[in-house]
Amino acid sequence: MYIRVLGAGAGGGFPQWNCNCPNCKSLRLDLFSGKPRTQSSIAISADKQNWLLVNASPDVRTQLEFFDEAHPPNAVRGTGIKAILLVDGQIDHCAGLLILREGEPLELYTTRVVKHDLSTHFPIITMLSHYCGVNHHVVPIDGGSFMINDISDIKITAHALASRAPPYSPNRNNATPGDNIGVTIEQISNGKKLYYAPGLGLIEAHVLSAMRQADCVLVDGTFWTDDELVKTCGFGKYARDIGHLPQSAKGGMIEVLSGLPEKIEKHLIHINNTNPILNEDSPEHAELARANIGVCYDGQTIVL
C-alpha cells in the first residue's frame with residue numbers, strides 16, 4: 001500500500017496566514033528548524049496509478065500539482081484520483097471539493113450525517129451540482145467494510161469517533177454518530193492496514209482495538225497541550241473542547257501510542273501551527289523521536 005501525505009497541517013496550515021506566533025514568525029524569518037505544511041490530506045493506492053483522496057483540503061490544487069502520480073500520463077485531461085473519502089465535514093477537510101469542479105463528476109464517500117451537512121448547512125454538494133456534479137456513496141459505520149469503485153485491492157472499514165462536528169453544523173453541541181470517523185484501510189492482497197484518524201478527541205475501546213490491529217497509524221497531532229492555544233495566543237479554546245486529544249500529559253496521545261506494539265508505525269498528522277513539535281530542534285520533537293513517533297510532513301510517502 002502506498003500512502004502519500006499531501007498535507008500534514010491543521011486548519012490554516014503552517015504558517016497560518018494571519019498568525020504571528022513564535023512558530024509562524026520564526027518560519028517566515030527563516031529562523032526555524034522545520035517545514036511549512038499545507039492542510040491535512042492523504043492519498044492511498046495499491047498500484048500507484050489509481051488513488052483514493054482522503055479529505056480534500058483548501059490546498060488541494062497545490063498538493064496535487066506536486067503529486068506526479070495524480071497527473072494523466074497519456075491524456076489531455078484526467079486524473080489518477082478516482083474517488084474522495086471524507087472523514088468529517090470540517091472546512092479544512094472538504095472545502096477543496098470546490099477546487100476539483102473542472103472535471104468529471106466526483107465520486108464522493110461520506111457518512112449520511114456528513115452528506116446532510118454538506119447538502120444543507122454548508123451546501124458544497126448542492127453547489128457542485130451546477131459544475132461537475134457528485135456521485136455520492138454512503139460510508140457505513142456499523143462495522144461493515146466496503147470497497148471503492150475503480151480502486152482495486154483496497155477495502156475500508158469505518159467507525160464513529162467521539163469528536164466534534166464542524167461549527168456550522170447543528171450537531172456541534174449534539175454529537176451524532178458519523179460526524180467524525182476513523183478508518184482502517186487495508187490492502188487485500190498483503191493484509192497490510194493503515195488506521196487514519198486526523199480528528200480524535202477520545203480513545204474509546206473500538207479505536208484502540210483498530211489501532212492495535214494496524215500496521216501503521218496516522219492520528220491526531222493537532223496540539224501538544226490542552227491549553228496550547230490559550231497560552232500561545234492569549235485566547236482560544238482548549239484542545240479537548242474542540243475535539244482533539246493533546247499529545248502530552250497523562251492519557252495523552254504519546255501515552256496511547258507508546259502502549260501499542262513496537263512493530264506498528266506511528267505518525268502524527270493534522271498538526272496545528274502553534275504545536276512545538278513542528279520545530280525539529282525542540283525538546284518536544286525529541287520526546288516523540290525517543291518514543292518512535294513520527295511527525296508527518298507534506299510529500300512524505302509511507303509504504304506498507
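Residues in the stretch 81-99 that are surrounded by 22 or more Cβ atoms within 10 Å (Cβ to Cβ) and of a type in the set (A, V, I, L, M, F, W, C) were compared, and the one that is farthest from PRO177 (Cα to Cα) is ILE81.
Counting residues in the stretch 52-70 that are at negative phi, surrounded by fewer than 21 Cβ atoms within 10 Å (Cβ to Cβ) and of a type in the set (Gly, Ala, Ser) gives one or more. Contact map, the stretch 233-253: residues that are closer than 16 Å to VAL219 by Cβ and touching a residue at least 40 places away in the same chain (Cβ under 8 Å) paired with residues that are among the β-branched types (Val, Ile, Thr) and surrounded by 17 or more Cβ atoms within 10 Å (Cβ to Cβ), Cβ distance under 6 Å, separation 6+ or inter-chain. Pairs shown: HIS244/THR222; GLN247/ILE254. Taking the criterion of being in a strand (DSSP E or B), over 21 Å from TYR168 (Cβ atoms) and not polar (S, T, N, Q), the only residue of the stretch 126-137 that qualifies is HIS137.
Considering each residue of the stretch 118-125 in turn, none proves to be buried (at least 19 other Cβ atoms within 10 Å of the Cβ) and in a strand (DSSP E or B). Candidates GLY78, GLY7, GLY11: the one that is surrounded by fewer than 23 Cβ atoms within 10 Å (Cβ to Cβ), closer than 16 Å to ASN272 by Cα and either at pLDDT below 95 or touching an Asp or Glu at 6+ places or on another chain (Cβ under 7 Å) (or both) is GLY11. A Cβ distance below 8 Å, combined with a sequence gap of six or more or placement on separate chains, defines the contacts here; from the stretch 1-27, residues that are free of Cβ contacts under 8 Å to residues at least 12 places away in the same chain reach no residue that is assigned to a strand (DSSP E or B) and buried (at least 22 other Cβ atoms within 10 Å of the Cβ). A single entry from ILE151, ILE141 fulfils the requirement of being over 16 Å from HIS93 (Cα atoms), free of Cβ contacts under 8 Å to residues at least 60 places away in the same chain and outside any strand (DSSP E or B): ILE141.
Scan the stretch 218-244 for residues that are hydrophobic (A, V, I, L, M, F, W, C) and surrounded by fewer than 23 Cβ atoms within 10 Å (Cβ to Cβ) and jot them down. Matches in the stretch 218-244: LEU229, VAL230, CYS233, PHE235, ILE242.
Picking from residues in the stretch 276-290 that are aliphatic (A, V, I, L, M) and exposed (fewer than 14 other Cβ atoms within 10 Å of the Cβ), the one that is nearest to ILE42 (Cα to Cα) is ALA289.
The values are calculated or read from the model by the stated rules, or taken from the named source; none is laboratory data. For clarity, every value in this text was computed on a predicted model and none was experimentally measured. As a convention, Cβ positions derive from the backbone with ideal geometry for all residues, glycine included, and neighbour counts pool all protein chains shown.
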